[in-house]
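The values are calculated or read from the model by the stated rules, or taken from the named source; none is laboratory data. None of the values given here were measured: they were computed from a predicted structure. Note that each Cβ is placed from the backbone with ideal geometry, even for glycine, and that neighbours are counted across all protein chains shown. Ligands, DNA and RNA are excluded from the accessible area calculation, which covers all protein heavy atoms including side chains. Shrake-Rupley method; radii C 1.70, N 1.55, O 1.52, S 1.80 Å.
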Amino acid sequence: MSSKLPAGVRFLGAEPGAVAGWLTHDAPTDRDIASCVGCGLCLPHCPTYRLTGDETASPRGRIAAMRAVSEGRAAVDATFSRYMDLCLGCRACEDACPSLVPYGRLLDGAKAEVMAVRARRARLVRVLGLDILLDHKWAITALSAYLPFVRPFLPPRLRRLVPRVSLRELARPIPAVTLPKGHARGTVAVLTGCIQDSWFRPINRATVRVLARNGWKVVVPPQTCCGALTAHYGSLGAARRMAAKNAAAFALADADWIVVNSAGCSAQMKEYGELIDRPDVASRVRDLLEFLDEQGFEQPAGSPVARVALHDPCHLLHAQRIFAAPRSVLGQVPGLEVVEIADGDRCCGSAGLYNLFEPAGADRLMRQKAANVAATGCHVVLAGNPGCAVQITAGLAELGVDVEVLHPAELLDRAYRRSARG
Amino acid sequence: MIAAARRDLEEILGSGAVLSDPLALRLYGRDASMLEGSCELVAIPSNREQVVACVRIARRRGLAVVPRGAGTGLAGGSTPLPGSLVIVTTRLQRILEIRPEDRLAWVEPGVLNLDLKRRLAPLGLTFAPDPASEASSTIGGNVATNAGGPHCLAYGVTANHIFAVELVLADGTVQSFGGEGPEAGGYDLRGVIIGSEGTVGVITAVCVRLTALPEAVQVLMLGFATVDDAAGVVSEVIAAGLTPAAIELMDRAIVRVVEDFAHAGYPVDAEAVVLIELDGLQGGVDRQRQAVEQIARSHGATVIQAASDPAHRARLWKGRKSAHGAITRIAPDFLQYDVVVPRTRLVEALAAVRVVARDEGLIIAHIVHAGDGNLHPLIMYDRRSPGALEHVLAAGERIVRACLEMGGSISGEHGIGLEKRDFMPLMFSAADLDLNDDVRAAFDPVRTMNPGKILSDVGRSHGPAAGHAAGAAPDEAGSWRR
């Protein structure tokens with residue numbers, strides 16, 4: 001290597017006196033950016049790179065774009081925004097990164113920057129939806145009450161992403177306290193979620209029943225959205241406010257554990273330590289199956305189905321590095337075979353609101369996932385995250401195969417009920 | 001000129017496959033080396049016909065062509081120079097045919113090395129080259145750099161596994177070199193193309209040789225209290241006539257950072273860790289294992305451990321193969337060299353590096369393809385401190401010169417690219433370089449293809465620009481090397 005380089009070539013690094021082009025206080029830090037050496041080991045794990053073969057749609061490329069801004073060689077402009085918006089935020093790259101680059105944190109910072117340059121209308125939509133609506137659960141419930149009437153008139157793309165919501169369910173909230181079966185092992189506080197609580201309340205009910213069945217007193221403190229979507233779409237300030245509300249509420253509930261049945265939300269609550277300096281809350285957060293695996297659980301007498309395909313939500317597999325726990329728990333259900341989905345570590349394309357904002361890429365990933373689920377030959381697929389469930393349901397419907405999408409809590413709940421009936 | 005080229009390209013490829021935004025060009029301005037260049041346009045063709053069109057348009061519009069796969073090269077081979085069109089081959093990613101009975105497969109250049117291996121494994125076959133970047137690097141890139149990898153000790157480098165290469169030449173013609181077997185008539189021009197780093201054409205298809213997976217595989221992990229003990233074991237294993245598939249050495253600094261990522265159970269207190277993979281028939285593997293363990297014990301190995309199962313073996317390799325990517329956890333910046341010494345002089349070479357490190361006051365970590373005598377000294381620095389880069393470059397040159405004095409080479413497997421181009425005169429005479437340049441000119445007389453790589457474009461040192469190279473002749477040993 002020589003220091004006499006040809007014209008137009010330089011060694012990497014900022015020029016002396018370079019001024020970063022960042023606009024906000026939440027921008028990616030130089031330290032995080034510098035942890036990427038650009039080796040490219042992340043590339044094959046990135047779904048958008050796999051689809052396009054394009055460096056600009058890869059984790060390495062996105063970090064290089066952030067580096068360009070931090071070194072004053074590029075601006076946070078429409079192109080930068082486009083590259084960041086094309087990222088699913090699935091964090092599969094983090095698993096593959098030997099430098100342990102905190103990509104999720106970098107992306108949240110970059111999205112905060114992008115938010116600052118969004119067109120006024122796009123920003124307004126996001127602020128109204130993510131910063132304000134998600135923070136008011138009563139409003140979500142109220143709006144959801146109109147869904148059964150509005151749903152038939154939605155454009156087909158949206159309609160398939162909106163489940164049928166039962167008004168009867170909406171009228172019956174999850175009880176604030178559920179007493180355990182048998183002697184109490186302790187208290188768990190449950191996050192019921194924002195959308196999950198209105199659109200998938202039966203999953204929350206199944207979760208509470210499964211926990212109570214296993215000797216846990218279940219409390220549901222008054223709470224707000226975990227703030228994941230808000231953080232991932234550029235409003236870190238609003239996300240911190242939501243996190244602080246939840247941290248206060250859950251601390252007050254004085255539970256031994258905080259159990260979350262949606263992978264995106266458990267991943268976010270585990271970030272509360274870093275986001276709002278509440279490690280006391282973050283350290284008690286467990287995803288449902290992780291919790292059952294750690295604490296042990298009562299084996300059901302049998303399984304309602306013989307084989308299930310197991311979907312790994314990205315925010316469980318990549319963001320929380322949880323792979324073994326669901327397999328261990330389901331493996332203990334007698335008569336149940338867990339079948340792996342080919343390319344199971346690849347995002348289904350739901351990715352928060354990706355399937356709304358980036359329909360083309362999301363649809364391609366959805367079709368890949370649905371085809372791989374169908375190829376397992378199972379009649380049931382388990383998905384522990386509402387976004388994934390909606391996306392996989394839509395994909396399977398388009399494919400015309402009859403596979404039921406269940407939450408793992410629902411499967412366990414059915415298994416217990418079946419054994420209760422004997 | 002550039003606007004016109006863009007219009008031409010968009011007409012053929014569609015606008016989504018042609019990039020001209022300054023930020024996009026910046027992202028394609030680098031590969032995995034430490035250099036950043038710049039280009040005028042990026043094209044991402046999807047098939048051979050589109051590649052041909054891209055090359056023709058570049059020529060018509062006066063742009064140089066820089067072929068690029070996944071951009072995992074470490075020598076700057078696909079770092080573009082101003083005035084170039086980057087042609088990305090990642091969308092040519094079909095495995096065209098696999099013929100197990102003929103032990104060959106035809107693939108497009110954008111197929112990832114590990115994807116091909118995964119397809120082949122159920123057939124009991126593999127594609128042997130295994131660069132550390134195998135998970136993300138493309139077959140086209142492996143061919144262009146003649147990539148090595150830990151297992152090239154037993155199986156040879158990429159060149160030993162390529163039957164034929166289809167190339168788009170600078171004038172847009174498509175030529176196939178080699179045939180579906182090891183012997184093709186006439187001159188073996190495959191040897192020129194493999195390792196040509198994009199300077200003779202764009203690869204559009206490759207016929208690869210398939211190798212049977214071995215019946216038995218065993219990885220031994222050895223820990224040592226000194227790097228010299230480790231290197232001594234390596235030399236003795238080779239001298240004893242044992243034939244491991246791979247012998248890798250990592251020093252303590254590297255072992256510590258990769259253990260954090262791979263959780264392979266490396267002994268983080270050892271000064272050096274050696275991985276030795278044995279493969280073949282079960283009986284042979286067992287015998288070799290006993291022999292290696294005996295040698296290790298006699299050299300005072302502090303850890304002798306065999307991989308417990310295939311998953312453990314995979315973790316041990318995962319650690320080794322992620323070493324380069326993990327370096328930023330030691331220092332913010334580093335330069336990596338790729339020097340080779342005769343493998344019997346490994347201890348001496350490591351001592352020479354140690355002297356440089358001490359004299360210059362630098363931290364130098366080691367990843368070594370020990371069985372091949374291929375060292376990757378990693379010199380750590382922080383570019384924010386003034387003069388640090390120049391200091392590191394000077395130290396690196398000292399290491400390179402020391403290895404050459406031992407009868408070594410400036411590059412084992414990463415290629416020459418841009419990074420090591422200026423070291424070429426240390427190894428080759430002016431006449432040698434001119435002859436190389438003539439060979440290249442036979443493929444690309446107008447220098448459209450990746451100019452400035454491997455050989456400097458700035459004036460020939462000797463003789464006329466094409467035709468015969470006066471004074472170029474092999475030495476007595478029949479080698480072109482000085």
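Please work out the C-alpha center-to-center distance from the range A:96-114 to the range B:231-297 and express it in whole Å.
36 Å
Which value, in debye to the nearest 20, gives the size of the charge dipole of chain B about its Cα centre, when Lys and Arg are +1 and Asp and Glu are -1 at the Cβ?
On the way: 46 positive and 57 negative charges, 166 e Å.
Taking the Cα centre of chain B as origin, the dipole is about 800 debye.
For the protein assembly as shown, what is the calculated [θ] at 222 nm in deg cm²/dmol (nearest 500), taking -39500 (n - 2.57) for each run of four or more DSSP H residues and dividing by its residue count?
Working: 39 runs with 364 residues, N = 904.
Calculated mean residue ellipticity at 222 nm is -11500 deg cm²/dmol.
Remind me, relative contact order of the range B:1-94 in percent, using alpha carbon pairs under 8 angstrom and six or more residues apart? If you can, show how the numbers build up before the last one.
On the way: 178 pairs, mean separation 32.3, N = 94.
Normalised by residue count, the contact order of the range B:1-94 is 34 percent.
Between the chain alone and the structure with every protein chain in place, find the residues of the range A:75-102 that drop at least 30 Å² of accessible area; heavy atoms, 1.4 Å probe.
Going by heavy-atom accessible area, the residues of the range A:75-102 that drop by at least 30 Å² are A:T79, A:Y83, A:P98, A:S99, A:L100.
Calculate, for chain B, the solvent-accessible area per residue in square angstrom, rolling a 1.4 angstrom probe over the heavy atoms of the protein chains.
37 Å²
Using the per-residue mean of other Cβ atoms lying within 10 Å as a proxy for protection, in what order, highest first, do the peptides A:191-202, B:289-300 fall? Provide the component values of the computation, followed by the final result.
Values: A:191-202: 23.1, B:289-300: 16.6.
Those peptides, ordered most packed to least, come out A:191-202, B:289-300.
For helix B:252-262, report the angle its Cα long axis makes with the longest principal axis of the Cα atoms of chain B; keep it between 0 and 90° and round to the nearest 10°.
70 degrees
Quick one: compute the contact order of the range B:216-324, relative version, from alpha carbon pairs under 8 angstrom and 6+ residues apart, as a percent.
Details: 181 pairs, mean separation 48.5, N = 109.
Relative contact order here is 45 percent.
Just checking the output field for B:37-44: average partner chain Cβ neighbours within 10 Å of each residue's Cβ? Display every interim value, and only then the final one.
Values: counts 6, 4, 1, 0, 0, 3, 0, 5.
Mean shielding count: 2.
Using the charge dipole of chain B (Lys, Arg: +1 at Cβ; Asp, Glu: -1 at Cβ; taken about the Cα centre), state which of B:A311, B:S176, B:A58 has its Cα farthest towards the positive end.
Of B:A311, B:S176, B:A58, it is B:A58.
Output ³J(HN,Hα) for the range B:306-319: one whole-Hz value per residue in order, computed from phi by the Karplus curve 6.51 cos²θ - 1.76 cosθ + 1.60 with θ = phi - 60°, and x for Gly and Pro.
9, 4, 6, 7, x, 5, 5, 4, 4, 5, 4, 6, 4, x
What do you get for chymotrypsin sites (Phe, Trp or Tyr not before Pro) in the range A:233-330 restricted to DSSP loop and a cutoff of at most 16 other Cβ within 10 Å of the site's Cβ?
Working: sites: A:Y233, A:F250, A:W257, A:Y272, A:F291, A:F297, A:F323; in loops: A:Y233, A:F297, A:F323.
Hits after loop and neighbour filter: A:F323.
What lysines sit close enough to B:K117 to cross-link, taking a C-alpha to C-alpha distance under 23 Å and skipping anything fewer than 8 places away on the same chain?
B:K117 reaches A:K369, B:K318, B:K321.
Give the accessible surface of chain A per residue, rounded to a whole number of Å², with probe radius 1.4 Å and ligands, DNA and RNA excluded. Walk me through the numbers before you get to the answer.
Working: 16690 Å² over 422 residues.
Heavy-atom SASA per residue in chain A reads 40 Å².
Taking loop as defined by DSSP and a crowding limit of 13 other beta carbons within 10 Å, which trypsin sites (Lys or Arg not before Pro) in the range B:346-391 fit? Provide the component values of the computation, followed by the final result.
Numbers: sites: B:R354, B:R358, B:R383, B:R384; in loops: B:R383, B:R384.
Loop-located and lightly packed - B:R384.
Can you give me the relative contact order of the range B:95-212 as a percent, contacts being Cα pairs under 8 Å and 6 or more apart? Write out the running numbers ahead of the final one.
Working: 233 pairs, mean separation 38.0, N = 118.
In percent, rounded to a whole number, it is 32.
Any chance you could check the range B:116-152 for residues losing 50 Å² or more of accessible area when the partner protein chains are in, compared with the chain on its own (1.4 Å probe)?
In the range B:116-152, residues shielded by partner chains: B:S136.
Could you please put A:L124, B:L120 in sequence from largest to smallest accessible area, using a 1.4 Å probe?
I get A:L124, B:L120, largest accessible area first.
Between chains B and A, what is the buried accessible area in Å², counting both sides, with a 1.4 Å probe and ligands, DNA and RNA left out, to the nearest 100? Kindly include the intermediate steps, with their values, before the conclusion.
Details: alone 19960 and 18780 Å², together 34640 Å².
Interface between B and A: roughly 4100 Å².
Gap in Å between the Cα centre of the range B:353-378 and the Cα centre of the range A:220-248?
49 Å
Expressed as a whole percentage, what fraction of the accessible surface of the protein assembly as shown belongs to carbon and sulfur atoms when a 1.4 Å probe is rolled over the protein heavy atoms?
Values: 18910 of 34640 Å².
Carbon plus sulfur share of accessible area: 55 percent.
Go through the range A:145-179 and name the trypsin sites (Lys or Arg not before Pro) that are in a DSSP coil and have 11 or fewer other Cβ atoms within 10 Å of their Cβ. If you can, show how the numbers build up before the last one.
Values: sites: A:R157, A:R159, A:R160, A:R164, A:R168; in loops: A:R160, A:R164.
Listed in order of number, the matching sites are A:R164.
Show which aspartates and glutamates lie in cross-link reach of A:K181 when reach means a straight Cα distance below 15 angstrom and same-chain residues fewer than eight apart are skipped.
A:E298, A:D413
Pop out a list of residues from the range B:414-431 that are at least 10 Å² less accessible with all the protein chains around than in their chain alone; 1.4 Å probe, no ligands or nucleic acids counted.
Hits at the 10 Å² cut-off: B:L418, B:E419, B:R421, B:D422, B:F423.
Enter the mean number of other protein chain beta carbons within 10 Å of the beta carbon of each residue in B:90-101, as an integer.
Details: counts 8, 3, 1, 2, 0, 0, 0, 0, 0, 0, 0, 0.
Per residue, the number of nearby Cβ atoms from other chains is 1 on average.
If you count the DSSP beta bridges with both ends in chain B, what percent of them are antiparallel, to the nearest 5?
Details: 58 of 67 bridges.
The antiparallel proportion sits near 85 percent.
Take each of the peptides A:79-85, A:414-420, average the number of other beta-carbon atoms within 10 Å over its residues, and list them starting from the highest.
On the way: A:79-85: 20.0, A:414-420: 16.6.
Those peptides, ordered most packed to least, come out A:79-85, A:414-420.
Taking every residue in B:440-446, how many Cβ atoms of other protein chains lie within 10 Å of its Cβ, on average? Don't jump to the answer; show the numbers that get you there.
Working: counts 0, 0, 0, 0, 0, 0, 0.
Mean partner shielding for this stretch: 0.
Among B:231-238, A:222-229, A:303-310, how do they line up by average Cβ neighbours within 10 Å per residue, starting with the highest? List each step's numbers first, then the result.
Details: B:231-238: 21.8, A:222-229: 23.9, A:303-310: 19.4.
Sorting B:231-238, A:222-229, A:303-310 by mean packing, highest first, produces A:222-229, B:231-238, A:303-310.
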